[in-house]
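Below is one structure; the comments refer to it alone.
The values are calculated or read from the model by the stated rules, or taken from the named source; none is laboratory data. Values in this document were obtained by computation on a predicted structure and should not be read as measured data. In this analysis, Cβ positions are derived from the backbone assuming ideal geometry, glycine residues included, and neighbour counts consider all displayed protein chains.
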Amino acid sequence: MTATPVLHSPSAAAPLARGTPRRLRNGRIAVGGAVLCAMLLLCLVSLFWTANSNSNFYYDGQHTEVPLAPPQVRPLWMLFGTTRLGQSLLGQCLFGGVISLTIGVAAAAISLVLGVGVGIVAGYRGGWLDALLMRIVDVLYALPYILMVILFKIALEPLLNGMKIHGHPMLNPMASNLVVLFLSIGLVSWLTMARVIRGQVLSLRSLPFIEAAHAAGVPQWRIFLRHLLPNLVGPITVYATLAVPSAILQESFLSFLGIGIQKPLPTWGSLASDGLPLSLTPVGPCWWPLVFPCTLLAVTLLALNFVGDGLRDAWDPKRDGAKI
Amino acid sequence: MTRFIAWRIAQLPLIMVVIYLITFALVWVVPGTPFGQTERKLPAAAEASLKAEFHADSVLSFLGYYPTRLIFHGDLGPSLSYEGWSVNDVLRYSLPVSITLGLFAMLIAMVGGCAIGVFGALRRGGVLDYTSLGVALIGISLPPFVVAGMLLAIFSDRLHWLPSGGWGSLKQLILPGFALALLPMAYIARLMRVSMLDTLGNDYVRTASAKGLSRTEVIWKHVFRNAFLPVFTYLGPALADAMTGSFVVETVFNIPGIGLHFVNAVKNRDQTLILGTVLVYAAFLLTLNLLVDIGYTLIDPRIDITARSAAT
């Protein structure tokens, strides 16, 4: 990224039509990245209060005397109002942000590892292994995506809960719920990644420098790490960035259907789906349980998409037009 | 070409078998049974006899009974949680609902998306251009259930223009149709816009105008047709998405479609119904993907899918 301003410095006589989108692109990455960092920092730093059961901001601290209080500046913990159980909505939103982002990043990481692994192996080894792996990908592609996430979710849950170390459950129920969620989203969403990486590896493999490395007797793993992987960084970053928002959205979807994260843990998606009926009821509707989580969710997803799209345009010289 | 299509069709049963087995493995490891979930816990003996009656007592008896029935009678077996219903009947009533809704939504998405994209590209920076951008931003940044809820609140609760849910009349189709169409419409509009802008810069467009064709003719006959290909690529998966991704819309608007039954089946651990739904969805996806691949060659004869599949 640092090289682009030099190439397109104002003094260079680049035609405006070509120069503008590129500058815009960098702007998008910068703005998206800044918003993202701010959101991440806010959610993480606020953990000191939202995860502390003595604080008023504690995500599950139920102030039963003030259910569904409207937002007010003082006291600060009621800045976003309260939920139906009198929890601080601000605390819930911040803590929910941590969980939503965890799910997004973890699911993206899983699909990244699987997709890149399968893609590299299939593209590099070729032959029957390639054919086998790609047929598996084809079959999985034919499976309805969201149905599979749901099925994985309910199938993995008991498996993980049943796992024991020295007679003790490996994870407490809350943690295992979280792990199951990002596992099931990650395990289903690596297919596109595998195809893209395989295509890249196929075209890289025939280039002279890989052949030269072979001829020089460089071991296989070293060719993987030193020669193939650095050339794949572009598509990998782009898909990783775009996989995070889609995983977060899928979690909200599962929460809405009642098979997502279990209470009392909040996520932006589950907060929004809790807030939806509250703000739609004809009798005394309240807007804050819906609007605040949705705004945070939307801002984060937009920022992630901006960064992802910006990166994609930056890596791919053929795409000049900004899609979104 | 014919050989390629025949080969693809010949693969379909094999893929369906694999899908059946994967889905079966997933639903089988889930503990809990559909029996006796509603009232008090069933006595163990009663549960065992129910399981035996429905061939759900062991892997062998399940796999020995249902697949053979499916292959020889086209029968997916009884639903384990909807008493007295067979899976075939559930699908027979709910599938047309979901297909109608999906097709209607895709029709809106296609017409609306193409129109917004084309006119947006012709007047860059105009109102329509920003409309499509706005819709796209809403589509990627808000969960679908929030969008559906908003539509419900505005057009049904506040304005009383349209009914709030249910199924049967054209009026009840409009809101869920739009809710479902929003995301694909935004996507099509953006695709169409980019692709129109690409195509408009070609020499043959200038030639067409230079030889005196009217603007309408140039745009619709020469530019639009060529710019449509990327959109067409997206149509297959989008149509499948509109039919499979309609859980949310069906839940919000209380529409008795196949998505609603799938969610219920998952919650009730209804193995036969889950298998039936997944199979139907998969069959749809496979068929649509095949049709899209064949459609490529019809729209653009230069594309040779047989070569493409050899390369991948």
**Q.** From the options A:270, A:279, residue that is part of a helix (DSSP H, G or I), surrounded by 15 or more Cβ atoms within 10 Å (Cβ to Cβ) and modelled with pLDDT under 80
**A.** A:279
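On the given criteria, is residue A:292 within 11 Å of another protein chain (Cβ to nearest Cβ) and either assigned to a helix (DSSP H, G or I) or closer than 15 Å to residue A:105 by Cα (or both)?
Numbers: within 11 Å of another protein chain (Cβ to nearest Cβ): no; either assigned to a helix (DSSP H, G or I) or closer than 15 Å to residue A:105 by Cα (or both): yes.
It is false that residue A:292 is within 11 Å of another protein chain (Cβ to nearest Cβ) and either assigned to a helix (DSSP H, G or I) or closer than 15 Å to residue A:105 by Cα (or both).
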Q: Please note which helices (runs of 4 or more DSSP H) are completely contained in segment B:69-185 and include at least 1 residues that are free of Cβ contacts under 8 Å to residues at least 40 places away in the same chain, more than 17 Å from the chain's Cα centre (by Cα) and over 24 Å from residue A:302 (Cβ atoms).
A: B:87-122
Q: Scan segment A:269-289 for residues that are among the hydrophobic types (A, V, I, L, M, F, W, C) and facing chain B (nearest Cβ under 9 Å) and jot them down.
A: A:272, A:276, A:280
(Q) Suppose we filter segment B:10-22 for residues that are more than 7 Å from every other protein chain (Cβ to nearest Cβ), under 19 Å from residue A:149 (Cα atoms) and in contact (Cβ under 8 Å) with a residue 24 or more places away in the chain; how many remain? (A) 2
Q) Any idea how many residues of segment A:121-165 are surrounded by fewer than 17 Cβ atoms within 10 Å (Cβ to Cβ), within 9 Å of chain B (Cβ to nearest Cβ) and outside any helix (DSSP H, G or I)? A) 0
Q) Just for segment B:243-294: of the residues that are within 11 Å of chain A (Cβ to nearest Cβ) and assigned to a loop (DSSP other than H, G, I, E, B), which one is farthest from residue B:104 (Cα to Cα)? A) B:269
Q) Just a yes or no: is a residue in segment A:36-48 aromatic (Phe, Trp, Tyr), surrounded by 14 or more Cβ atoms within 10 Å (Cβ to Cβ) and under 22 Å from residue A:100 (Cα atoms)? A) no
Q | Lone unmet requirement of (1) away from chain A (no Cβ under 14 Å); (2) farther than 19 Å from residue B:114 by Cα; (3) of a type in the set (Phe, Trp, Tyr) for residue B:220 | A | (2)
Q: Quick one: in segment A:216-260, of everything that is more than 20 Å from the chain's Cα centre (by Cα) and β-branched (Val, Ile, Thr), which residue is surrounded by the most Cβ atoms within 10 Å (Cβ to Cβ)?
A: A:223
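Among the residues of segment B:142-155, is there at least one that is of a type outside the set (S, T, N, Q) and surrounded by fewer than 16 Cβ atoms within 10 Å (Cβ to Cβ)?
We begin by selecting, within segment B:142-155, every residue of a type outside the set (S, T, N, Q); these are B:142-155.
Those left that are additionally surrounded by fewer than 16 Cβ atoms within 10 Å (Cβ to Cβ): B:154.
Scanning segment B:142-155 turns up at least one residue that is of a type outside the set (S, T, N, Q) and surrounded by fewer than 16 Cβ atoms within 10 Å (Cβ to Cβ).
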(Q) So residue A:185 passes all but one of these: (1) in a helix (DSSP H, G or I); (2) more than 13 Å from chain B (Cβ to nearest Cβ); (3) over 24 Å from residue B:278 (Cβ atoms). Which condition number does it fail? (A) (3)
